[in-house]
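The values are calculated or read from the model by the stated rules, or taken from the named source; none is laboratory data. If you're wondering where the values come from, they're calculated on a predicted model, not measured in any experiment. Keep in mind that these areas ignore ligands, DNA and RNA; they rest on the heavy atoms of the full protein, side chains included. Shrake-Rupley method; radii C 1.70, N 1.55, O 1.52, S 1.80 Å.
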Amino acid sequence: MAFWEEDAGRLEDEALRLVNRSADPVTNIDVRLAVTYLGKEYQISARDINVPPCMEVVYRPAKMTAWLDDGQLVNLSRMTGWSTLLVAFTDSAGVDWARGTTFLLGGVEGKNVYEKGGKPTGSLLPSETTATKPVEPCGTGS
């Protein structure tokens, strides 16, 4: 499982891309985002993300909504900042992984990094998937 963000300078062109280059499914996907809204920092969890084998899924922040722990329902387009902290997932062999922008850790290390991230202060609600496409080559890792 890989991810990257695209910031094209225009909100409608920003994207979060998730890719599963493995022919095997991944489960328990949790994307953790750091967001800023009205000067307050939040860590939101996106647990309803699904990335099938050999697929790329693109999410657009302009079409994503967060439920913040203080009761606010806010579209990510109203945030003054957002970035991906990590993506956690379980591979088909049952190994837990945590991937950030500079690391990929599996097993106990991956689970520890994920758990040390702390309790989220908001949840990303299921959103419209703006694009799903097959990736080639398939079967080249998680």
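Residues in region 64-73 carry Karplus couplings, in order, of 10, 10, 10, 9, 8, 4, 8, x, 8, 10 Hz; the curve used is 6.51 cos²θ - 1.76 cosθ + 1.60 with θ = phi - 60°, and Gly or Pro positions show x. Computed on the chain, the Cα convex hull volume stands at 104 Å³ per residue. Under 18 Å of direct C-alpha separation, and excluding same-chain neighbours fewer than eight residues apart, LYS40 reaches these lysines: LYS119. Once Rh for region 1-79 is found with the Kirkwood sum over Cα pairs, what is the Stokes-Einstein diffusion coefficient at 25 °C and 0.890 mPa s, in µm²/s? Roughly 180 µm²/s, to the nearest whole number. Scalar couplings 3J(HN,Hα) for region 34-44, obtained by applying the Karplus form with A = 6.51, B = -1.76, C = 1.60 to θ = phi - 60°, are 9, 10, 10, 9, 6, x, 10, 8, 10, 10, 9 Hz; x denotes Gly and Pro. Over region 1-93, accessible surface divided per residue gives 45 Å², non-protein components excluded, 1.4 Å probe. Cross-link reach is defined here as a Cα-Cα straight distance under 14 Å, omitting same-chain residues fewer than 8 places apart; for LYS133 the aspartates and glutamates meeting it are GLU56. Scanning residues 5 or more positions from THR65 or on other chains, those with amide H under 5 Å from its amide H are LEU76, LEU125, with H placed 1.01 Å from N in the peptide plane.
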